[in-house]
Each structure stands twice: as structure tokens, then as C-alpha cells.
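Here's a structure for you.
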Amino acid sequence: MSVLLVGISHRSAPVAMLEKVAITDADRPKLIDRMLASSHISEAMIVSTCNRVEIYAVVDAFHGGLADVGELLTAHSGLPMPELTRHAYVRYSEAAAEHLFAVASGLDSMVVGEQQVLSQIRSAYTTADAQQAIGRTLHELSQQALRVGKRVHSETGIDRAGASVVSVALDRAATVLGPLAGRTAAVVGAGAMGGLSVAHLSRAGIDEILVVNRTIERAERLAATAESHGVKARAYELSRLGEALVSADVVITCTGAVGSVVTLADAHNALSHRERRTGRPLVFCDLGLPRDVDHAVAGLPGVTVIDIETLQRDPAAGAAADDTAAARAIVADELAKYLAGQRMAEVTPTVAALRQRAAEVVEAELLRLDSRLPGLADPARDEVARTVRRVVDKLLHAPTVRVKQLATTPGGDSYAEALRELFELKPGAAQAVAAPMEISRAEHNGAGWMGLDGDVALADDFTPGSHDDEQERST
């Protein structure tokens, strides 16, 4: 069983496609259930953020698992298969682990080094675990990814370029409005991204924060958090969004709702009132996926819309080269340790089976001794038994220790296979340590599977039936 990753992110697809593929918190449990119903998938986890959707599945066959995940994404997004395959990427086995470690480290984020992705991975794991979709493989992979991410952030300066997409968006807003200190902001959405927005606005010296949310209770809680930071705050139900827009200079939307939350009419009405009162420009920071602000709003005079697509082009999204290199070195080091541990875990059942076989032989020979020397005194029999066991243990010690050491190297599973063959170990033991399936490069070159970064990627074979803490959706 190996890990298969199928993903679409800001690096591989335009925002319009990400909006169609986006998976909300409400969608995630249903999609996980559908994956677990597949005969090829035994574990599943979905990482869905404002700029990526990635499905991690433990599969027994590459092509079968890929076809099942492909059918799922096609049905969910409504996109035709050729369009989906042009923008999706696939990672398998070791490459899937390396990718998740890079994601957890912030190396694959739109804003390199942002830390929110750690809570998003943790949320994805928690959701899948609650559905009993997490087994040993994804548990160990996810927990190690979280540890890698924490190590990168504690040992490098990768997050110096900006703590999150929010910080970069507010920097862009300040180029339009000037300093944010003393101004009024509206935050539409009271989930994790909303909380992050309130924190950044508070540090920027904003004068007042208007929290707008579908449920007033959550808006009030986030407003209270803002006040605890010394910022004036008010809570609004979503039905009063128009009032908040009239008062705000900058509006951060982060709801994850399907369809526009801020309509053209909302923005137009706000501008008509603002012109009579202040004449100040209005900036929307649309961090939702799908987008929260109607596309037409950007065409209104006096309005600037900063969305995910805009932020993709912002040079501030990159981290310093030295910090990025240091982070990649940590990921490489941790990946090597993780893979070595996985290979050692795979050989352990073979070692246990070998020792069990030896113990069975010893017991059989002691029974044979009893039948031939029925009058042997117990002390003498016990000494013979201890001597035989010591001899067997000493004979097995060197090969079992060495096979564990060799198992941590690439191709080390062949030594365990040799033990199984030489000692005729039980088939069950062999199955327990079967190495992850490797896909030949030649096989996939012939099928048109070469991917974005030289890894396996979706192509013509990816068709239905072929075989083989986060942004909360609060408003």
C-alpha cells in the first residue's frame, strides 16, 4: 500500500479553475466517504485551502486509485476530464511524502513561508480521522509533515517575507490607501482566516474592525478578540453587510462560500453613500476560494480588488533565497529519515517471522529430545533448552540487525525478500512487508504521464474506469 497524491494548486491552475475544484468543509466528509467506498483506497485525507486542493489516498494499485480519485474530482468540479488533467499533478510514494513536507514547510505556498498551512493540514487530518479514514500510513505521514513544518519555521527565517496571504494583501491595500492606522476595516467571515485578518489589522494600527458573519455569535466572538487587542470592534450579521461596506476603507473577505458574497449592487450602493460622506477609495482583499467578491466590482470607480490571482504575482510572496534553501535542506533531511524509518518498519515483520520460525524449530527439537531421553532431569533439560536458544539467538543476531540497517537504504527491501526466500517464511509475513509499488519511468513515458516537475502527472490514462486549523467555511 502506497500514498497517492492528486492535487491542483495556484502553481498548476488559474484561479477560475481552483474555484471550480474548491472543496468546502461541508463537502469534505462526503468526498472522503466516497473514496473509502473504492476497492482501491483504504485511507484518505483532503487538504483544501484558499489556493490548493490535494487528495492523499493510500492505494493498493496506482492506476486503480488514480482512476477513482479522478472520477471523484471530475464529478465534484463538473470539469471535463481533459481540462482537469491539464492542470492537475500527481505524486506517488516517496514523491507524495516529499510534497506534503514541502507544503507543511510553506515552500509551496503562495506566500512562501506562511504558517497557516500547518493548521490546515492539521484540520484535514482531524476531519479524516473523525471519519475513521486515517490508518497507520497517513497518520505517520501527516504527523511527520507537521513536525517538519514546525522545524522549518523554528530553524529558518523562511517566514520573514510575510506571515500569511493576509499580510501581503494588506501591504497591497496600503499602497492604495496609504497607512492603515486610523482607518476602518471590515472582515467578512469569522473563521480561522478571519481571525488571522483581525490579528494583522490590529498590528497595523487599524482604528475599528467591523466583523460580518452569517452567524452573529461567531462575529461577536471575533469582535471581542479584536477588542482584547485594544481595537474598537462591532459585529454584524451578513444581512447588514451593506452597512459595514459604507463605513469601511478596506474589506477582507474570507468566507469560502459558494457564489459571490459581495455583489455588484452591494459595492455600488456602498460607493454611492460613501461619495456623499467621504469620497475615500474602497479596497477589497478577496481571500476566498471560490472568490467572495463579484468580478464586476473591480470595474467600479474608486474600487480596488486584490484577490488570490493578484497576490500570485506579488514579489513579496517569495522568501529570501538563503532561507528557502535552508528550508529545502531540512525537508530533504527529514524525508530521508522518514523513508528510512518506513523501510525499517516494513522489514520488521520479516525479522519477527524469522525469529518465530527459529523459536518453532527450537521447540520442535526440544520435544524430540524429550521423546528420546524421557528420563532427562528437569535441570539438565532446562540447561539444554537455554543453550539451544542462545545458539539460535547468536546466529540470528547479526543477520537481523544487518537486514534492518540495509532496509533503510534504497532497494533495501530486497534483503528482506532474500530472508523470506531463504527461510521459507510464511506468506503472510511476506505480504506484511511488501515494498511500496514503484512505477517505471518507461511505463509512464509511453502513456504520456510526464508531469509538472518530472513526476508522474495526469494525462490520457486518467479516465474513469482505467485501472490501476484552516479557513473555516463560516458564513
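Principal axis extents for the chain, Cα atoms only, whole Å, descending order, please.
The principal-axis extents, from largest down, are 111, 50, 41 Å.
Could you order 344, 1 by accessible surface area, starting with the largest, using a probe radius of 1.4 Å?
Details: 344 75, 1 115 Å².
Accessible-area ranking of 344, 1, largest first: 1, 344.
Under the classification rounded if a/c is under 1.5, otherwise prolate if a/b is larger than b/c and oblate if not, where does the range 227-302 fall, given a ≥ b ≥ c as square roots of the Cα gyration tensor eigenvalues?
Values: a/c = 1.71, a/b = 1.04, b/c = 1.65.
Oblate.
Quote to one decimal, in nm, the extra length available between residue 39 and residue 409 on full extension: 0.36 nm per residue of separation minus the C-alpha distance between them. Mind dumping the intermediate values first?
Details: separation 370, 0.36 × 370 = 133.20 nm, distance 3.14 nm.
Residue separation times 0.36 nm, minus the Cα-Cα distance, leaves 130.1 nm.
Name all residues of the range 347-382 having a backbone nitrogen under 17 Å from the label point set 7 Å from the Cα of residue 140 along its Cα→Cβ direction, giving them as ranges.
What the label zone holds, given the 17 Å backbone N cut-off, is 347-353.
What percentage of the solvent-accessible surface of the range 14-114, computed with a 1.4 Å probe over protein heavy atoms, is contributed by carbon and sulfur atoms?
Details: 1370 of 2640 Å².
Its accessible area is 52 percent carbon and sulfur atoms.
For labels at residue 181 and residue 75 in the simple 7 Å Cα→Cβ model, what's the distance in nm?
5.6
Another question, if that's okay. Hey, can you find the accessible area per residue of the chain for me, probe 1.4 Å, expressed in square angstrom?
Working: 20370 Å² over 475 residues.
Heavy-atom SASA per residue in the chain reads 43 Å².
Which value in deg cm²/dmol, rounded to the nearest 500, describes the helix-derived mean residue ellipticity at 222 nm for the chain, given -39,500 (n - 2.57) per DSSP H run of n ≥ 4 and division by the residue count? Walk me through the numbers before you get to the answer.
Values: 18 runs with 255 residues, N = 475.
Computed ellipticity for the chain at 222 nm equals -17500 deg cm²/dmol.
Same structure, new question: Nearest 5 is fine: what % of DSSP beta bridges in the chain come out antiparallel, could you say?
Expressed as a percentage, antiparallel bridges in the chain total about 45.
Apply 1/(1 + (r/R0)^6) to the Cβ-Cβ distance of residue 174 and residue 19, taking R0 = 22 Å, and write down the FRET efficiency to the nearest 0.05. Write down the numbers at each step before the final one.
Working: r = 27 Å, r/R0 = 1.21.
Using R0 = 22 Å, I get an efficiency of 0.25.
Can you run phi through the Karplus equation (6.51, -1.76, 1.60; θ = phi - 60°) for the range 81-91 and list ³J(HN,Hα) in whole Hz, with x for Gly and Pro?
4, x, 5, 5, 5, 5, 10, 8, 10, 10, 10
Among the lysines, which have Cα under 21 Å from the Cα of residue 150 when same-chain residues fewer than 8 positions away are ignored?
Once the sequence-local lysines are set aside, what remains near residue 150 is 337.
Now for a different question. Counting only residues 5 or more places away or on other chains, whose amide H sits under 5 Å from the amide H of residue 232 once H atoms are built in the peptide plane?
The answer is 209.
For the range 145-304, which whole-number percentage of the solvent-accessible area (1.4 Å probe, protein heavy atoms only) is attributable to carbon and sulfur atoms?
On the way: 3160 of 6340 Å².
Its accessible area is 50 percent carbon and sulfur atoms.
May I ask you to list the trypsin sites (Lys or Arg not before Pro) in the range 125-185 that are in a DSSP loop and have at most 12 other Cβ atoms within 10 Å of their Cβ? Before the final figure, lay out the partial values.
Values: sites: 136, 147, 150, 151, 160, 172, 183; in loops: 183.
Filter output for the range 125-185: empty list.
Another question, then. Would you check the accessible area of residue 60, probe 1.4 Å, heavy atoms only, in square angstrom rounded to 10?
Approximately 80 Å² for this residue.
Also, I was wondering about something else. What shape does the range 16-136 have by the C-alpha gyration tensor, where a ≥ b ≥ c are the square roots of the eigenvalues, rounded means a/c under 1.5, and otherwise prolate means a/b greater than b/c and oblate the rest? Working shown, then result.
Values: a/c = 1.37, a/b = 1.15, b/c = 1.19.
In terms of gyration-tensor shape, rounded.
Using packing as a proxy for protection, rank 199-206, 116-123, 394-401 so that the peptide with the highest average count of other Cβ atoms within 10 Å comes first.
On the way: 199-206: 19.2, 116-123: 21.1, 394-401: 12.8.
Taking the mean over residues of other Cβ atoms within 10 Å, the ranking is 116-123, 199-206, 394-401.
So how much slack lies between residue 392 and residue 371, counting 0.36 nm per residue of separation and subtracting their Cα-Cα distance, in nm?
Values: separation 21, 0.36 × 21 = 7.56 nm, distance 2.15 nm.
Going from the current span to full extension adds 5.4 nm.
Then there is this: Expected output is a single nm value to one decimal: the length gained when fully extending between residue 300 and residue 356, i.e. 0.36 nm times separation in residues minus the C-alpha distance. What is it? Walk me through the numbers before you get to the answer.
Working: separation 56, 0.36 × 56 = 20.16 nm, distance 7.64 nm.
Value of the extension gain: 12.5 nm.
Can I ask one more? What residues qualify as long-range amide H neighbours of residue 186, i.e. H under 5 Å apart, gap of 5 or more or another chain, H built at 1.01 Å from N?
Residues meeting the criterion, in which the H sits 1.01 Å from N, are 210, 249, 250, 251, 252.
Oh, and also: Given points 7 Å out from each Cα along the Cα-Cβ axis, report the residue 239 to residue 345 separation in nanometres with one decimal.
For the pair residue 239/residue 345, the computed spacing is 5.2 nm.
The values are calculated or read from the model by the stated rules, or taken from the named source; none is laboratory data. Computed from a predicted model, the values in this text were never measured in an experiment. For neighbour counting, all protein chains shown are included, and Cβ atoms are generated from backbone atoms with ideal geometry for every residue, glycine included. What goes into the accessible areas is simple: the full protein's heavy atoms, side chains included, and nothing from ligands, DNA or RNA. Shrake-Rupley method; radii C 1.70, N 1.55, O 1.52, S 1.80 Å.
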